[in-house]
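Structure record follows, encoded as structure tokens.
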Amino acid sequence: VAGRRSFEHLEHESFDRPRRRTRPRTKERPTYDDAAPAVVVTVDRGRFTCRLEHDEDTVVTAMKSRPLGRKGVVVGDRVRLVGDVSGAEGSLARIVEVCERRTVLRRTADDDDPVERVIVANADQLVIVVALADPEPRTGLVDRALVAAYDAGIDPLLCLTKADLADPEPLLAVYRPLDVLSVVTQQEADPEPVLEHLRDRTSVMLGHSGVGKSTLVNALVPGADRATGDVNDVTGRGRHTSTSAVMLRLADSRGWIVDTPGIRSFGLAHVDPAVLIEAFPDLAAESARCPRGCTHTATEPECELDVAVTEGRVDAARVESYRRLISSRDAAY
Ligand SMILES: Nc1nc2c(ncn2[C@@H]2O[C@H](COP(=O)(O)OP(=O)(O)OP(=O)(O)O)[C@@H](O)[C@H]2O)c(=O)[nH]1
Ligand SMILES: [Mg+2]
């Protein structure tokens, strides 16, 4: 007891004692008013390649400054740089701020990759690249990519490649009820129709290995010189030629395109189905009358989407497509 008393006494004393060093209440931080705005175009083991906003030809290598702590910096991030921003060989700048992201495309950890990842920041459009053959198209991935896009508030664009190998119509038909924008292309074709969809925005490509993402980027960005790899004859799969995401300026400097490595899986556990329906205003209007907690799946007994179909207010194919998307969220992929 005596010990405790003396402890209380000490505590009291230290409370009353005037503080020797008086610090201002708010932590003094440098303001970095003269920091240079830039955009991150590649990330490689703690080194960030950036392009200055006011002089895009200057490519600056930077590292994170300590105050950023563990905050992730990804391709597409708008950042502010201090230090040597000359871009000279061997120079290194510091990222002192990551600006608020307009959009975040993320994938949840899954069996193939135990880490939740932000793939890219500030993308306006998700270009879901699917080969019409070689490798065979898999709608599961397309569905999942659509869910990720709707969830992130990023416009999806379905880009069907290798039109020299197969007819695009059957695949286009699958996605027609969802009103997804689409474009069909092939190697050596005029890239203009694809370019039209990419102008004045930041687009990120997503797709399996070998579908032709880098081939397309090389057509869209003269001098991009992205490596491409053939598809394995035996397995019918790509060889994971691209190993990191790179953001490039489009030919006429209007818009950015991000080439990404082929994905094996795409975890979607972070997606809330209740948010997903908001991407379909016509269905959301109907589902507003659903019983609380209705997941709008085909097994729900009182889902208003069924009523809307029966009464002819929405197309059955559209509801079916929407339901396929929700179930793709939980499918093992
Ligand atoms: N027949 C045909 N082959 C194509 C077409 N586009 C690309 N290819 C071929 O498909 C293979 C894979 O192309 P890439 O551009 O490396 O594919 P990727 O999607 O970048 O692959 P990863 O980087 O591994 O994810 C290469 O052999 C290309 O030449 C096309 O329109 N038609
Ligand atoms: Mg590639």
By the C-alpha gyration tensor axes a ≥ b ≥ c (rounded if a/c is under 1.5, else prolate when a/b exceeds b/c, else oblate), the shape of the chain is oblate
Quick calc, region 77-157, dipole around Cα centre from Cβ unit charges on Lys, Arg (+) and Asp, Glu (-), nearest 20 debye, gives 340 debye
Note, region 166-175: 3J(HN,Hα) by Karplus (6.51, -1.76, 1.60, θ = phi - 60°), whole Hz, Gly/Pro = x, goes 7, 6, x, 4, x, 6, 4, 5, 4, 9
In nanometres, the difference between 0.36 nm per residue of separation and the alpha-carbon distance of S253 and E278 is 5.7 nm
Among S242, N218, Y32, the residue whose Cα sits farthest towards the positive end of the charge dipole of the chain, when +1 is placed on the Cβ of each Lys and Arg and -1 on the Cβ of each Asp and Glu, is Y32
Simple SL model, points at 7 angstrom along Cα→Cβ for R117 and L172; separation in nm is 3.2 nm
Per GNM of the chain with C-alpha springs under 10 angstrom, the most fluctuating residue out of T235, T139, T103 is T235
Exposure-ranked with fewest Cβ neighbours within 10 Å first, S253, S65, S265 stand as S253, S265, S65
The farthest towards the positive end of the charge dipole of the chain, of the residues L158, I128, T58, given +1 on Cβ of Lys and Arg and -1 on Cβ of Asp and Glu, is T58
Ranked by GNM mean-square fluctuation in the chain (Cα springs under 10 Å), the top entry among V40, V180, V258 is V180
Over the chain, cysteine residues that find no other Cys C-beta under 4.7 Å are C50, C99, C159, C303
For the pair T295 and C99, the simple spin-label estimate (label points 7 Å beyond Cα toward Cβ) gives in nm 4.0 nm
The chain: antiparallel bridges as % of DSSP beta bridges, rounded to 5, reads 60 percent
Taking R0 as 30 Å and r as the Cβ-Cβ distance between A285 and R201, the FRET efficiency 1/(1 + (r/R0)^6), rounded to the nearest 0.05, comes to 0.60
Amide H contacts under 5 Å for H240, restricted to residues at least 5 apart in sequence or on another chain and with H modeled in the peptide plane, are G210
For region 119-211, whose charge dipole is built from +1 on Lys and Arg Cβ atoms and -1 on Asp and Glu Cβ atoms, the candidate among T185, A148, P170 with its Cα farthest towards the positive end is A148
Given GluC sites (Glu not before Pro), DSSP loops and at most 16 other Cβ atoms within 10 Å, the longest exposed-site-free stretch of the chain is 189-301
Interchain or sequence-distant (5+) residues whose placed amide H lies within less than 5 Å of the amide H of V127 are L157, V204, M205, L206
Candidates T42, T185, T243; GNM for the chain (alpha-carbon contacts under 10 Å) flags as most fluctuating T243
Phi-derived 3J(HN,Hα) across region 71-80 with the Karplus relation (6.51, -1.76, 1.60, θ = phi - 60°), rounded Hz, x for Gly and Pro, is 4, x, 10, 10, 4, x, 5, 8, 10, 10
Non-local residues with an amide H under 5 Å from the amide H of E56, with H modelled 1.01 Å from N and Pro and chain starts lacking one, are none
Env charge @ I119, Cβ radius under 10 Å, K,R +1 / D,E -1, value +3
Under the Karplus relation with 6.51, -1.76 and 1.60 and θ = phi - 60°, whole-Hz ³J(HN,Hα) for region 96-108, x at Gly and Pro, equal 9, 8, 10, 6, 4, 8, 6, 9, 9, 9, 10, 10, 7
Per the C-alpha gyration tensor (a ≥ b ≥ c, the square roots of its eigenvalues), region 215-282 is rounded if a/c is under 1.5, else prolate if a/b beats b/c, else oblate; here it's oblate
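None of the figures in this text is laboratory data; all of them are computed from the coordinates on show. Note that the structure is a prediction, hence the values are computed from the model and not measured. Don't worry about glycine lacking a Cβ; one is built from the backbone with ideal geometry, like all the others, and counts go over all protein chains shown.
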